Amino acid sequence: QVQLVESGGGLVQAGGSLRLSCVASGRTFSTYGMGWFRQAPGKEREFVAAISRNSLTYYADSVKGRFTISRGNAKNTLYLQMNSLKPEDTAVYYCAAETTGWPARGPEPYDYWGQGTQVTVSS
């Protein structure tokens, strides 16, 4: 069983930045594919970014060029650096882990999820 704990959310003005972190329990973090998803009120959970076990990265078009996903395997930590934030980025952000090492853009293949962290961007 893997536990994921997100942190770093908060309230920020449009144009600002936040860095989210997700700490994973266990000793096999480096073998997992990891992803960030978000869910705004009344909307479905949507893909934000993902990183494979060998650090290939994937982004949703809506965040490409503004967000950067990275991982620190020595600290069992996944990061999401968010710059140039927009009000439409407001959502609960979730990290997720899947055990093949090759993350998907859809939520179904992910085996473990964190509890989420709220990001609110004011205009």
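The values are calculated or read from the model by the stated rules, or taken from the named source; none is laboratory data. Every value quoted in this text rests on a predicted model; they were computed, and no experiment measured them. All Cβ positions, glycine included, derive from the backbone under ideal geometry; neighbour counts span all protein chains shown. Surface accessibility is based on the protein's heavy atoms, side chains included, excluding ligands, DNA and RNA. Shrake-Rupley method; radii C 1.70, N 1.55, O 1.52, S 1.80 Å.
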Q | Unique match (being on the phi < 0 side of the Ramachandran plot, part of a loop (DSSP other than H, G, I, E, B) and either among the aromatic types (Phe, Trp, Tyr) or buried (at least 21 other Cβ atoms within 10 Å of the Cβ) (or both)) among Val2, Val48, Val63 | A | Val63
Q) Looking at (1) open to solvent by less than 60 Å² (accessible area, probe 1.4 Å); (2) in contact with a helix residue (DSSP H, G or I) (Cβ under 9 Å, 6 or more places away or on another chain); (3) over 15 Å from Pro103 (Cβ atoms), can you tell me which one Gly16 breaks? A) (2)
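Taking the options Arg105, Arg27, name whichever one is of a type in the set (Lys, Arg) and touching a residue at least 12 places away in the same chain (Cβ under 8 Å). Full working, then the answer.
Working: Arg27 fails: touching a residue at least 12 places away in the same chain (Cβ under 8 Å).
Answer to the selection: Arg105.
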Q.
If I filter the range 86-112 down to residues being under 15 Å from Leu20 (Cα atoms) and open to solvent by 20 Å² or more (accessible area, probe 1.4 Å), which single residue comes out as farthest from the chain's Cα centre (by Cα)?
A. Thr90
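For every residue, the table says whether it meets (1) among the polar types (S, T, N, Q); (2) within 21 Å of Gln115 (Cβ to Cβ); (3) touching a His at 6+ places or on another chain (Cβ under 9 Å).
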{"site": "Ser17", "(1), (2), (3)": "yes, no, no"}
{"site": "Phe29", "(1), (2), (3)": "no, yes, no"}
{"site": "Lys43", "(1), (2), (3)": "no, yes, no"}
{"site": "Ala49", "(1), (2), (3)": "no, yes, no"}
{"site": "Lys64", "(1), (2), (3)": "no, no, no"}
{"site": "Thr68", "(1), (2), (3)": "yes, no, no"}
{"site": "Asn76", "(1), (2), (3)": "yes, yes, no"}
{"site": "Asn83", "(1), (2), (3)": "yes, no, no"}
{"site": "Ala91", "(1), (2), (3)": "no, yes, no"}
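Yes/no per residue for (1) part of a loop (DSSP other than H, G, I, E, B); (2) over 18 Å from Ile51 (Cβ atoms); (3) modelled with pLDDT of 95 or more:
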position	(1), (2), (3)
Gln81	no, no, yes
Ser84	yes, yes, yes
Glu88	no, yes, yes
Cys95	no, no, yes
Gly106	yes, no, no
Pro109	yes, no, no
Val121	no, yes, yes
